[in-house]
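The block underneath contains the structure these notes are about, expressed in structure tokens.
The values are calculated or read from the model by the stated rules, or taken from the named source; none is laboratory data. As the structure is a prediction and not an experimental result, all values here were calculated from the model. Positions of Cβ are backbone-derived with ideal geometry, glycine not excepted, and every protein chain shown enters the neighbour counts. With ligands, DNA and RNA removed, areas are computed over all heavy atoms of the protein, side chains included. Shrake-Rupley method; radii C 1.70, N 1.55, O 1.52, S 1.80 Å.
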Amino acid sequence: MTTNSETGPAQRNLIKSALLKIDELQARLKACNAEKNEAIAIVGMGCRFPGGVDSPEAFWQLLNDGRDAITEVPPERWDIDAYYDADPDAPGKMNTRFGGFIERVDQFDARFFAISPREAVSMDPQQRLLLEVAWEALEYANIPPDSVYGSATGVFVGIIGQDYAQRLFAPGYLDKIDAYVGTGASQGVAAGRLSYALGLTGPSFSVDTACSSSLVTLHLACESLRRKECDLALSGGVNLILEPGLNVNFSKARMMAPDGRCKSFDSAADGYVRGEGCGMLVLKRLSDALAAGDQVLAVVRGSAVNQDGPSGGLTVPSGPSQEQVVRQALVNAGITPDAVSYVEAHGTGTALGDPIELGALDAVFSASHSAANPLYLGSVKTNVGHLEAAAGVAGIIKLVLALRHDSLPRHLHCDNPTARFAWADKPLRVLHEPQAWPRGERPRIAGISSFGFSGTN
């Protein structure tokens with residue numbers, strides 16, 4: 001039989017060893033959680049947007065000037081007089097003459113990307129834009145594009161438009177089909193071609209969740225970086241309007257604003273105006289960006305994706321789902337609602353969608369804000385139209401520029417806020433004028449929303 005004096009030291013050693021093991025496991029768990037939730041740095045960006053915007057600097061000039069980039073449909077797209085009718089029910093007609101268009105979409109330096117002129121003709125201009133803007137985004141990040149060759153860099157592209165594919169496979173064009181039409185028209189190849197051209201071996205895919213596509217790609221890119229599937233990621237979206245068909249369709253669905261203006265949150269909201277463009281972000285894990293001495297433009301703290309499910313209709317937004325996706329994004333970011341000072345809203349400018357979005361934001365933020373500390377709202381759609389697959393990334397680039405310039409641009413076309421929301425009783429405020437957004441003791445935090453008519457939020 002042993003005595004207490006004989007077993008005491010052994011027990012103490014066992015306890016000490018167990019405590020050390022617990023400390024080690026807790027440190028591992030803490031490190032694992034830190035990696036799982038690490039902030040993602042935006043270190044580069046590139047864009048082509050309506051209004052002659054061909055760089056982030058030009059985009060800021062447009063936003064800061066409070067300019068509206070909407071124009072009549074250019075004659076090189078289609079003859080608007082042949083397709084316009086004020087009656088949205090007129091067969092084969094659209095009830096708007098307007099859109100947000102970018103310039104010179106027919107021009108492309110194929111040789112620069114080692115693409116033959118013949119293949120370039122069969123390439124969707126959306127693929128060409130992605131190549132150009134991704135290259136510019138890498139240069140903006142001070143990353144020589146040839147330096148990423150052979151790296152496990154990820155590519156995440158939002159793309160939904162099929163206008164050029166319709167041309168390539170039209171009955172009158174069948175005798176012109178060559179070996180390049182299949183890859184040139186494929187949405188999946190839009191991401192794959194970017195990886196191929198730059199020599200990237202990381203995850204690479206295209207995403208179509210309709211209007212929320214480019215924000216979904218950002219969510220996926222951030223998750224891929226956190227899982228260390230890649231150490232660098234390109235994330236963005238592209239949209240071009242080359243054929244009149246969807247304008248006719250959306251007119252029949254009463255989605256289009258006849259005056260060609262997104263009057264988001266205004267009492268006159270009666271639909272949106274379609275726009276086109278391309279935006280691309282260069283992303284890294286924040287720890288890697290700091291270690292490399294990169295210029296950190298902004299950080300993505302957290303994101304979330306969900307679905308409307310059984311809403312009032314296939315394309316009808318769900319207020320509860322919108323509220324839930326915002327709450328989950330806050331949880332994933334590790335922040336509370338009171339930390340958010342601005343939301344770049346989806347804000348399409350529809351009589352149905354705007355009040356639903358306002359209701360969801362009210363449910364999440366009003367309790368933590370006040371008249372003296374309101375939540376400011378805006379939407380870039382009032383400047384450039386609804387860029388559909390590129391809408392989310394346009395909003396992200398706007399936010400990055402606002403942070404860099406210490407100022408929130410004003411929201412256009414909201415002279416009489418909708419009576420379907422109790423503005424006087426709520427601490428939500430549309431930015432009718434530019435708002436200073438200076439650096440201070442607290443970090444400046446903004447949210448951004450995109451709600452696809454697919455139901456994916």
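Structure values in brief
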| quantity | calculated |
| --- | --- |
| Environment charge of Ala268, counting only residues whose C-beta is closer than 10 Å and scoring Lys/Arg +1, Asp/Glu -1 | -2 |
| Nearest-ten-degree value, helix 4-36 long axis tilted from longest Cα axis of the chain | 10 |
| Portion, in percent, of the accessible area of the range 39-448 that falls on carbon or sulfur, probe 1.4 Å | 53 |
| Aspartates and glutamates whose Cα lies under 15 Å from that of Lys93, excluding same-chain neighbours fewer than 8 positions away | Asp79, Asp81, Asp85, Glu243 |
| Helix 391-405 axis, angle to the chain major axis (alpha carbon atoms, nearest 10°) | 70 |
| Under-5 Å amide H pairs with Tyr272, H placed in peptide plane, nonlocal only | Met256, Ala257 |
| For Arg301, net neighbour charge (Lys/Arg +1, Asp/Glu -1) across residues whose Cβ lies under 14 Å away | +3 |
| Positive-end residue of Gly312, Pro244, Gly182, charge dipole of the chain with Cβ unit charges | Gly312 |
| In the range 210-307, GluC sites (Glu not before Pro) in a DSSP loop with at most 16 other beta-carbon atoms within 10 Å | Glu229 |
| Solvent-accessible area per residue, Å², over the chain with all protein chains present [probe radius 1.4 Å] | 44 |
| Angle in degrees between helix 353-365 and the longest Cα principal axis of the chain, rounded to the nearest 10 | 20 |
| Cut-off 15 Å between beta-carbons: net charge of the residues surrounding Ser311, Lys and Arg +1, Asp and Glu -1 | -3 |
| The chain: C-alpha gyration tensor shape, a/c 1.5 cut-off, then a/b vs b/c | oblate |
| Structure-based [θ]222 nm, the chain - -39500 (n - 2.57) summed over DSSP H runs of at least 4, per residue, nearest 500 | -11000 deg cm²/dmol |
